[in-house]
1. How large are Rg and Dmax for segment 1-153 when only the alpha carbon atoms are used, in Å?
2. Kindly write out, for segment 100-113 in residue order, the coupling ³J(HN,Hα) from the Karplus curve 6.51 cos²θ - 1.76 cosθ + 1.60 (θ = phi - 60°), rounded to whole Hz, with x marking Gly and Pro.
3. Grab the other residues whose beta carbon is less than 14 angstrom from that of Ala174, score K and R as +1, D and E as -1, and report the net.
4. P(r) for segment 119-174: what percent of alpha-carbon pairs falls in each 5 Å bin, starting at zero?
5. Against the empirical 2.2 N^0.38 Å scaling, what ratio does the C-alpha Rg of segment 101-151 come to?
6. So for each of 127-135, 86-94, 50-58 I average, over its residues, the number of other beta carbons within 10 Å; can you give me the resulting order with the highest mean first?
7. Near Trp61, within a Cβ-to-Cβ distance under 10 Å, what is the net charge of the other residues, with Lys and Arg +1 and Asp and Glu -1?
8. With a 10 Å radius around each residue's Cβ, average the other Cβ atoms per peptide and rank 137-150, 29-42, highest first.
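The values are calculated or read from the model by the stated rules, or taken from the named source; none is laboratory data. Everything quoted here is computed from the prediction, not taken from an experiment. Every residue, glycine among them, receives a Cβ derived from its backbone with ideal geometry; neighbour counts consider all protein chains shown. These area figures cover heavy atoms from the full protein model, side chains too; ligands, DNA and RNA do not enter into them. Shrake-Rupley method; radii C 1.70, N 1.55, O 1.52, S 1.80 Å.
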Amino acid sequence: TAVWTGAEMIVWGGQDDAQSLDSGFRYDPATDTWATMSTLAAPKGRAAHTAVWTGSKMIVWGGTALVAQADGGSYDPVGDSWQPTSMTNAPSPRAYHSAVWTGSRMIVWGGQGGSGSGASYDPAANVWTPIAVTGAPSDRSRHAVAWTGSRMVIWGGRSPVGAAIDTGGVYDPAVNTWTPTA
């Protein structure tokens, strides 16, 4: 995954020759230089995870390291340090899911192992809160996601048996409800 901080790109994790990587790098385009990131307290190496930029930290969550993961970490580029995300009420293990940053929370939804479920993570309190499943789109992975500024829109993807899906849904975190897309 990669996030843009406003000054540099932070790249973390992935897979190389079927081995999950627990390393990362920071790229500064102004100086065309790369710097390594600390791995002390970083999440276990993984691929098919998500990352969001909060404005001051990168949050990495989920993915696969031979099996689906249900954990993550928060990376502070100023201190070059990691802190684990809470496991209490965290979503079930999943990969190929989606995540968006709302301005104060990360919303994780769907993915392989996700069963059409998700949760909202508050990094300030290090707390997960499950989100509504009633009215949520059908279970899927590898779907597209966008944050509108007030709602999360999900579209397409693959069903648990690999069939293409051409439906979606809109999640409103203010009222914890889903509505289908046309």
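1. Here Rg and the maximum Cα pair distance are 14.9, 49 Å.
2. Using θ = phi - 60°, the values come out as 10, 9, 8, x, 9, 9, 9, 10, 10, 8, x, x, 5, x Hz.
3. +1
4. Result, from short to long distances: 5, 17, 23, 23, 18, 9, 4, 1 percent.
5. The reported ratio for this selection is 1.15.
6. 50-58, 86-94, 127-135
7. +1
8. So the peptides 137-150, 29-42, ranked by packing, come out 137-150, 29-42.
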